[in-house]
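Only one structure is covered here, and it is reproduced in the block below.
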Amino acid sequence: MSLKARINRIIKFSNVDGPGNRMAIFFQKCNFNCEYCHNPETIKSCIHCGKCVEFCKSGALEKVDGIIKWDKTKCCECDQCIKNCSIDSSPKTLEYSVEDVIEEIDKVKFFIKGITVSGGESSLSFEFITLLFKRVKELWPHLTCFVDTNGGVDFQLEIYKEFVEITDAFMLDVKAWDLKEHIELTGVSNENVIKNLIYLERIDKLFEVRTVVVKDILNNILTVENVSKIISNKYIRYKIIKYRPFGVRADKIEKLKSPSQEEQENLEKLANNLNVKSTLII
Ligand code: SF4
Ligand code: SF4
């Protein structure tokens, strides 16, 4: 049986997921549980409890042999299923083989510079992605293959060797430098994230680092300072992103505050003073 992966959605054209126009593929499931997650329905896999079926007024959902089936052609994208999911997941995911994804890329191959895998956390599907990237490179060597990752797994482990080799470049989130803050924000340690930051910079596979700035609860200066010191030797883009409350779980919103424009500009100055070659505040 060919390897399959559960994919939350595929965006045919994106200009925010790496260089140029790219196809972005969002894998279901994440090993972090970030308080500010904008797509919390991508974190957990559906447990097929069936609760969402009654909220679908379009008849796009049904339970067949204990498994929830989603009919994309009937779906009106009202997202009532997601809003009423018992575990903050989504029934609107599909299982793809590598060849299924290749078929999707084939439709747009003349209009894109490459593909980016994202999530959820894409690296949890590293075996599938390794095969996918190999196939893309056989068929269309001009397309680049990027990985958007939270850096939660240790890319220096032997099992990730081929995955790292076949990937053209990574885009890495560094959410907090302080261990305690990182655990509070994401539920897990940042030990692998920092190891990956250093490793990917060293092997020239780091395209971009992203830090989301949250006022008061995170030491944003500490994070920007330490990341900047590591990436400033090479042309690596640093995106310093203002936290925005859109799509965030309702019970988390109270606690999370956006920084002011002035605070963002001060972080930009800090990165620039530490010789980061390309800093972007957004
Ligand atoms: S978004 Fe969900 S609830 Fe709405 S039509 Fe589609 S499957 Fe049904
Ligand atoms: S999407 Fe949520 S509510 Fe629907 S079957 Fe899966 S776990 Fe249950």
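The values are calculated or read from the model by the stated rules, or taken from the named source; none is laboratory data. Quick caveat, the model's predicted, so the values are computed rather than measured. A quick note on method: Cβ atoms are made from the backbone with ideal geometry, for glycine too, and the neighbour counts reach across all protein chains shown. To get the accessible areas, we keep the full protein, side chains included, count just its heavy atoms, and leave off ligands, DNA and RNA. Shrake-Rupley method; radii C 1.70, N 1.55, O 1.52, S 1.80 Å.
Summary table below
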read-out: At q = 0.13 Å⁻¹, base-10 log of I(q)/I(0) for region 98-142 (Debye sum, equal scatterers on each alpha carbon); value: -0.27
read-out: Debye intensity ratio in log₁₀ form over the Cα atoms of region 185-246, taken at each q of 0.12, 0.17, 0.19, 0.30 Å⁻¹; value: -0.32, -0.63, -0.78, -1.41
read-out: Solvent accessible area, Å² - K51, 1.4 Å probe, full protein context; value: 80 Å²
read-out: Reciprocal mean inverse distance between Cα atoms of region 1-93 - Kirkwood radius, Å; value: 14.5 Å
read-out: Restraint check, K12/K205; K44/K255; K44/K269; K4/K180, Cα-Cα greater than 31 Å; value: K44/K269; K4/K180
read-out: Shape of region 225-264, Cα gyration tensor, a/c cut at 1.5; value: prolate
read-out: Rounded percent of accessible protein surface that carbon and sulfur make up, the chain, 1.4 Å probe; value: 52 percent
read-out: Antiparallel bridge percentage (DSSP; both residues within the chain; nearest 5); value: 35 percent
read-out: T144, T186, reordered so the largest accessible area comes first (probe 1.4 Å); value: T144, T186
read-out: Rounded FRET efficiency, nearest 0.05, which uses the C-beta distance separating Q80 from N272 and R0 of 51 Å; value: 0.65
read-out: Cβ-based charge dipole, the chain, positive-most Cα from G151, F32, F170; value: F170
read-out: Rg/Rg_globular for the chain, with Rg_globular taken as 2.2 N^0.38 Å and Rg from C-alpha atoms; value: 1.03
read-out: Separation in nanometres of the label points that stand 7 Å from Cα toward Cβ, at N233 and E265; value: 3.3 nm
read-out: Distance in nm between pseudo-label sites at K72 and I183 (7 Å out along the Cβ direction from Cα); value: 4.2 nm
read-out: Value in Å of the Kirkwood radius, where region 90-200 supplies the Cα pairs that are averaged; value: 15.2 Å
read-out: Theoretical FRET efficiency, 1/(1+(r/R0)^6), r = Cβ-Cβ of E225 and E158, R0 25 Å, to 0.05; value: 0.15
read-out: Convex hull volume per residue in cubic angstrom - Cα atoms of region 140-282; value: 125 Å³
read-out: For region 199-210, 3J(HN,Hα) per residue [Karplus equation, 6.51 cos²θ - 1.76 cosθ + 1.60, θ = phi - 60°, Hz, x = Gly/Pro]; value: 5, 5, 5, 5, 8, 6, 10, 10, 8, 7, 10, 10
read-out: Cα gyration tensor shape for region 68-129, rounded if a/c is under 1.5, else prolate or oblate; value: prolate
read-out: Size-normalised alpha-carbon gyration radius of region 23-152, reference 2.2 N^0.38 Å; value: 1.15
read-out: Mean accessible surface per residue for the chain, computed with a 1.4 Å probe while every protein chain stays in place, in Å²; value: 49 Å²
read-out: Rounded FRET efficiency, nearest 0.05, which uses the C-beta distance separating K113 from F55 and R0 of 35 Å; value: 0.35
read-out: Region 241-247 - phi-based ³J(HN,Hα) in whole Hz, Karplus 6.51/-1.76/1.60, Gly and Pro as x; value: 9, 6, 4, 10, x, 5, x
read-out: Table column - 3J(HN,Hα) (Hz), region 252-261, Karplus curve with 6.51, -1.76, 1.60, x for Gly and Pro; value: 9, 4, 3, 6, 9, 10, 7, x, 7, 4
read-out: Kirkwood Rh and Cα Rg combined as Rg/Rh, region 1-49; value: 1.04
read-out: Sequence of H182, H48, H142 when ordered by accessible area, the most exposed leading, probe 1.4 angstrom; value: H142, H48, H182
